[in-house]
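Please read the structure below before turning to the comments.
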Amino acid sequence: MNEKLHYWMLALPALAVMIVFYIWPVLNIWGISVTEPSTGLDNYTRMFDSNAVRVSFVLTFRIAAVTTIMCLLLGYVLAYTISNFATRVTPLMLGLVLLPFWVSVLVRSFAWIVLLGRSGLVNDALIDTGLITSPIRIMHNELGVLIAMVHVMLPFAVLPMLTNMRGIDDSYVKAARGLGASEWRAFREVYFPQTLPGVFSGGLLVFVLSLGFYITPALLGGGRVMMISEYITYQIQEFLNWGLGAALSVALLVATALVLLVAGRFVNLRKTFLERG
Amino acid sequence: MPDPILSVRKAVKTYGAFHALNDVDLDIREGEFLTLLGPSGSGKTTLLSVIAGFTPLTSGSVHARGGDISRLPPEKRGFAMVFQGYALFPTMTVAENVAYPLRVRQWKRQDISDRVAECLDLVQMAQFADRMPSQLSGGQQQRIALARSLSFKPDILLLDEPLSALDKKLRADLQWELKALHDRLGVTFVYVTHDQEEALSMSDRIVILNDGQIQQQGAPDDLYNWPRTEFVASFLGKSNFINSVVLKGADGTLKAQAGGHEFPIEDHNGTAVSGETCLALRPERIRLGAPGAEMFEGRVRQISYLGERCQVLVDHAEFGEILVSHPTWHVDIRPEPHLNVSFGWERGACVPLLSA
Ligand SMILES: Nc1ncnc2c1ncn2[C@@H]1O[C@H](COP(=O)(O)OP(=O)(O)OP(=O)(O)O)[C@@H](O)[C@H]1O
Ligand SMILES: [Mg+2]
């Protein structure tokens with residue numbers, strides 16, 4: 001038996017699972033989108049004509065974009081601190097970054113509801129200190145979704161940047177300073193450009209994951225912030241509108257694929273998704 | 001002696017209870033090629049980094065001609081440092097790397113490109129201007145790192161084991177080039193190495209460090225011929241050590257008694273005292289002769305042939321094992337194992353060491 005066959009045999013179980021439970025259903029969805037309720041592109045024309053769909057897509061991309069930017073800003077500072085100021089608490093900080101991976105997204109989202117609700121901890125605290133007199137709305141709106149999304153996505157931004165920064169020797173910045181650059185200038189011109197691959201990787205990861213994210217927006221949005229995944233669920237569960245739901249799924253898939261395609265010109269995708277440290 | 005271009009005074013650097021530098025005093029003269037030599041962990045990089053401004057001192061100070069610069073950040077000191085790993089900026093081309101210090105200093109565009117071309121010529125790398133650092137070999141990267149450091153005409157160039165990552169042949173070539181560059185430009189070089197041959201062949205002056213302290217400093221031949229301590233004698237080249245009793249004559253001349261004989265010695269360092277003293281003796285300063293021809297009698301144990309010279313181990317009843325480096329072109333005596341020989345040396349071959 002040749003070696004290639006061996007590899008295929010090893011990959012076969014996983015491949016079979018993928019085909020039966022993933023590829024096949026996805027193909028079915030493509031099928032449904034052009035057959036339900038009648039054969040043709042009706043669902044797609046409806047989708048493109050629908051104002052609600054357009055609003056949801058715009059919202060989805062906006063939330064994904066803002067989440068990405070916030071995660072990158074917060075994550076960059078965090079990753080920079082962890083990798084450049086080695087102290088005794090460094091392992092602890094790293095642990096705190098990784099901790100959310102072991103807690104279900106559902107639990108974390110509910111935790112945010114407890115914090116941000118009308119009589120949640122944040123509102124209570126603000127009222128107790130006298131800063132506000134009646135509860136403010138920080139949940140069931142875009143702000144609430146964003147806060148929770150940034151929290152959920154942060155580790156995905158931090159890890160690629162951390163891996164990248166840990167690989168940058170401190171002699172570069174030292175050399176730049178020795179050659180006359182101020183601390184800030186050395187950071188800007190010598191250190192920062194070297195961290196861009198990590199920034200792109202982290203950003204892309206967060207953006208793509210955010211586009212299709214369901215649990216957190218559904219819980220924190222309370223039906224008022226309808227991102228595209230929730231919109232799809234809504235169509236299918238409430239209106240039994242399988243055709244439109246399927247067409248929307250296809251649209252989301254295509255949109256995500258486009259993002260990856262464009263990003264692939266700037267980022268090493270293989271590295272982003274396969275070699276995360 | 002003219003004013004030193006840089007002085008380090010009573011420098012102490014501690015990490016916890018550990019002394020990386022322990023009371024170091026050092027003057028660097030303008031235009032000299034100064035080498036910091038010492039075994040691994042002796043504090044060479046620490047001292048260089050203190051001079052460059054990357055490592056703050058625990059106590060003590062660094063002075064330049066303008067005064068105390070201990071608190072000045074590295075970018076204000078005007079020294080350039082070449083790192084062991086070269087530290088070429090990977091996101092910039094070779095030319096941009098060399099231009100960097102000039103851009104920081106806001107030179108005019110035309111001046112920058114002229115100077116970059118000049119510096120790349122200096123290290124014979126003009127044709128590589130548009131490459132990225134990752135497309136260069138180690139030796140080429142080293143040259144670019146040099147060009148980048150020299151481009152802004154720094155007062156002092158600090159080099160931390162710049163050749164240690166290169167293979168032996170390339171190292172030898174670059175040693176010559178570095179030395180030639182130094183002689184041509186007249187820039188002060190402070191060079192760190194743990195390779196004693198490199199230190200001996202390139203330096204105007206060598207400073208030997210051990211355990212964060214300066215053991216001895218001086219011109220290469222001075223250090224080699226007149227080591228003060230056992231550490232220096234054995235770290236810089238090879239030495240035999242002979243226990244003796246030193247006697248000071250009324251006229252100031254020195255004599256040493258060892259192996260049942262008395263012979264004159266010289267005290268170049270002014271460190272000799274009467275009494276028990278360890279003497280250092282270089283293997284190549286020892287003459288071999290037929291039995292009876294020289295002062296001491298011994299027996300050859302082992303020989304290793306090295307081409308122009310051979311290393312001969314001679315057993316002596318009192319001294320133990322004595323290493324002799326014997327010229328192979330010598331016709332009077334051809335040592336071979338178990339041969340009885342005699343050996344001796346000229347006045348000045350034995351150097352009295354500081355007692356530990
Ligand atoms: N940041 C630090 N924290 C603790 N100890 C340090 C630190 N930097 C250096 N040391 C210690 O100080 C001593 C001197 O270090 P240094 O790097 O100056 O040695 P070196 O002479 O350059 O050695 P090598 O030839 O191996 O480069 C070493 O024992 C080292 O372990
Ligand atoms: Mg070192």
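Observations on the structure shown:
- Prolate/oblate/rounded label for chain A (Cα gyration tensor, a/c 1.5): oblate
- Directionally averaged projected area (the protein assembly as shown, Cα convex hull): 47.6 nm².
- Placing unit charges on the Cβ atoms only, positive for Lys and Arg and negative for Asp and Glu, gives region B:68-204 a dipole magnitude near 520 debye about its Cα centre.
- Range in chain B, longest, excluding exposed trypsin sites (Lys or Arg not before Pro) [loop by DSSP; at most 11 other beta-carbon atoms within 10 Å]: B:109-346
- Simple label model, 7 Å out from Cα along Cβ direction - B:D204 to B:K248, nm: 3.6
- Net lengthening on full extension, B:N225/B:V273 (0.36 nm per residue, minus Cα-Cα): 15.4 nm
- For chain B, the equivalent ellipsoid derived from the alpha-carbon gyration tensor has semi-axes of 46, 25, 16 Å in decreasing order.
- Helical segments meeting 30 Å axial Cα length and Kyte-Doolittle 1.0 threshold in chain A (DSSP H): A:51-84, A:142-166, A:242-263
- For A:E230, the accessible surface of its heavy atoms amounts to roughly 20 Å² (probe 1.4 Å, protein chains only, rounded to the nearest 10).
- Stretchable slack from A:D128 to A:L5, in nm (0.36 nm times residue separation minus alpha-carbon distance): 37.4 nm
- Loop-located chymotrypsin sites (Phe, Trp or Tyr not before Pro) in region A:43-94 (DSSP state not H, G, I, E or B) with no more than 13 neighbouring Cβ atoms inside 10 Å: A:F85.
- Counting Cβ atoms of other protein chains within 10 Å of each residue's Cβ and taking the mean over peptide B:152-158 gives 1.
- Placing dummy labels 7 Å off each Cα toward the beta-carbon, the span from A:I136 to B:S134 is 4.6 nm.
- Proximal lysines to B:K168, defined as alpha-carbon separation beneath 18 angstrom and excluding residues fewer than eight positions away on the same chain: B:K179
- For the set B:K44/B:K108; B:K10/B:K255; B:K13/B:K76, the pairs lying more than 26 angstrom apart at their alpha carbons are B:K44/B:K108; B:K10/B:K255.
- Chain B: most fluctuating residue of B:P90, B:P154, B:P335 per GNM, C-alpha cutoff 10 Å: B:P90
- Choice from B:A11, B:A258, B:A272 showing the highest fluctuation, given a GNM over chain B with Cα pairs closer than 10 Å: B:A258
- Within a Gaussian network of chain A (alpha carbon springs, distance under 10 Å), most fluctuating of A:A186, A:A255, A:A65: A:A186
- A:M70 accessible area, 1.4 Å probe, all protein chains in place, Å² to nearest 10: 80
- Segment B:R103-B:E197, extension gain: residue separation times 0.36 nm, minus the distance between their alpha carbons: 30.1 nm
- Kyte-Doolittle mean at least -1.0, axial Cα span of 30 Å or more - DSSP H helices of chain B: none
- Estimated FRET transfer efficiency (A:R54, A:L74; beta-carbon r; R0 51 Å; 0.05): 0.95
- Estimated from helices alone, the mean residue ellipticity of the protein assembly as shown at 222 nm is -14000 deg cm²/dmol (sum of -39500 (n - 2.57) over DSSP H runs with n ≥ 4, per residue).
- Whole-number D in µm²/s for region B:230-352 (Stokes-Einstein; Kirkwood sum over Cα pairs; 37 °C, 0.692 mPa s): 219
- Backbone amide hydrogens, once placed in the peptide plane, bring B:R282 within less than 5 Å of B:N240, excluding anything fewer than 5 places away on its chain.
- Per residue value of the accessible surface for region B:230-352 (all protein chains in place, 1.4 Å probe), Å²: 51
The values are calculated or read from the model by the stated rules, or taken from the named source; none is laboratory data. No experiment lies behind these values; they were computed from the predicted model shown. FYI the Cβ positions are ideal-geometry reconstructions off the backbone, even for glycines, and counts take in every protein chain you see. Surface accessibility is based on the protein's heavy atoms, side chains included, excluding ligands, DNA and RNA. Shrake-Rupley method; radii C 1.70, N 1.55, O 1.52, S 1.80 Å.
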